[in-house]
Amino acid sequence: MKKAAIALLFTLTLAFAGCGDKEESTNTTTDQTEQTGTETGDDVQGDLEGEGPLVDGVLNVGTNAEFPPFEFVGDDGEPDGFDMALIKAIGEKLGVDVVVENMEFDSLVASIGSKIDVAIAGMTITDERKNMVDFSDEYYEAVQYVIVPADSEIASAKDLEGKNIGVQLGTTGDFIVEDIKDATAAQYNKAVDAVNDLRNGRVDAVIIDKNPAQVFGEQFKDEVKLYDGESAEFGFEKEYYAIALPKGDEELAKSVNDALAELKADGTFDELVTQYIGN
Ligand code: GLN
């Protein structure tokens, strides 16, 4: 039932995808410049200059709701998906209100500690990101998949050389393309736009994480085929998703990790996997 709903939602999203090609920001926060005069100690709700989410009682969470089944815009216009359910369950354990902000994937890491407290967005732990943020314990294993048109001759990493490859800007798929000889990365803020350009013939392949690739693969079964990037033909490495946290906030990291461990131990985590991911 849930899966059918997700599939329907993406049909609708895709139907509209061609209508407005402009990059619009879905950022819903108000201008924060008015909130800087807090020297007197007044506390603005969810104020990031405050004592931190555990004291303020508000956890400001950044995501990029373009990555099904981990995050997508639900029927009510709000971010939904596995990650959203997980962070809300964590928020409940911590006794804080979770406020989600939908932003571009590429700006999540840099916004931690200013606009948002933490980010959950199917985000892979990488050494580069670790220079800027800390990560929670990992919660999901992933790998990049390759989506190509059904009649494409691409069948290996070697075949990707010199090709035009659609990726989400600033993602691990994007970083993989950097290392493919003579390949060009066509960078999109929304995965669905990359997939639509594959269907239109504007890119030769799309490199994106396994589960979103499977959602799109299912959606367009007659038009595309998928390759598991972990296969010998491609040789991509396993990746691990975690919640990105402010650097050095050990108290928050411990609280989040403890909550995650409890949700795994009490079966909630597995229920969410079944509900949203299904495998
Ligand atoms: N896992 C990939 C990354 O961390 C893609 C995440 C995403 O697009 N939401 O770069």
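Figures for the structure shown
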quantity: Near pairs, Cβ below 6 angstrom, 6+ apart or cross-chain, from the stretch 93-112 (outside any helix (DSSP H, G or I)) to any residue that is charged (D, E, K, R); calculated: VAL98/LYS88
quantity: Looking only at the stretch 168-225, and only at residues there that are out of contact with any helix residue (DSSP H, G or I) (no Cβ under 6 Å at 6 or more places or on another chain) and hydroxyl-bearing (Ser, Thr, Tyr), the one that is farthest from GLY278 (Cα to Cα); calculated: THR184
quantity: Of all residues in the stretch 116-138 being assigned to a loop (DSSP other than H, G, I, E, B) and within 13 Å of the chain's Cα centre (by Cα), the one that is farthest from LYS88 (Cα to Cα); calculated: ILE125
quantity: Long-range neighbours under 8 Å by Cβ, at least six apart or interchain, first residue within 15 Å of ASP80 (Cα to Cα) within the stretch 57-69, second within 14 Å of the ligand (Cβ to nearest atom) and aromatic (Phe, Trp, Tyr); calculated: ASN64/PHE105; ALA65/PHE72; GLU66/PHE72; GLU66/PHE105; PHE67/PHE105; PRO69/PHE82
quantity: Residues that are charged (D, E, K, R) and either in contact with a Ser or Thr (Cβ under 6 Å, 6 or more places away or on another chain) or more than 16 Å from the ligand (Cβ to nearest atom) (or both), drawn from the stretch 198-227; calculated: ARG199, ARG202, ASP204, GLU218, LYS221, ASP222, GLU223, LYS225
quantity: Qualifying residue in the stretch 117-138 (condition: in contact with a strand residue (DSSP E or B) (Cβ under 9 Å, 6 or more places away or on another chain), within 21 Å of LEU54 (Cα to Cα) and hydroxyl-bearing (Ser, Thr, Tyr)); calculated: yes
quantity: Any pair with Cβ under 8 angstrom, 6 or more apart, that starts in the stretch 70-81 at a residue that is within 16 Å of VAL98 (Cα to Cα) and within 11 Å of the ligand (Cβ to nearest atom) and ends at one that is of a type in the set (D, E, K, R) and outside any strand (DSSP E or B); calculated: GLU71/ASP83
quantity: Residue that is surrounded by the fewest Cβ atoms within 10 Å (Cβ to Cβ) [pool: residues in the stretch 127-147 that are touching a Lys or Arg at 6+ places or on another chain (Cβ under 8 Å) and of a type in the set (Asp, Glu)]; calculated: GLU141
quantity: Boolean, LYS93 is over 22 Å from the mean Cα position of the chain (by Cα), modelled with pLDDT of 95 or more and either of a type in the set (Asp, Glu) or closer than 22 Å to THR268 by Cα (or both); calculated: yes
quantity: Test: residue in the stretch 146-166 that is under 28 Å from LEU272 (Cα atoms) and either within 11 Å of the ligand (Cβ to nearest atom) or assigned to a loop (DSSP other than H, G, I, E, B) (or both); calculated: no
quantity: Within the stretch 170-193, tally of residues that are more than 9 Å from the ligand (Cβ to nearest atom) and within 19 Å of the chain's Cα centre (by Cα); calculated: 10
quantity: Selected residue (only one of GLU233, GLU218 is within 20 Å of the chain's Cα centre (by Cα) and either touching a residue at least 40 places away in the same chain (Cβ under 8 Å) or part of a helix (DSSP H, G or I) (or both)); calculated: GLU218
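The values are calculated or read from the model by the stated rules, or taken from the named source; none is laboratory data. Computed from a predicted model, the values in this text were never measured in an experiment. Note that each Cβ is placed from the backbone with ideal geometry, even for glycine, and that neighbours are counted across all protein chains shown.
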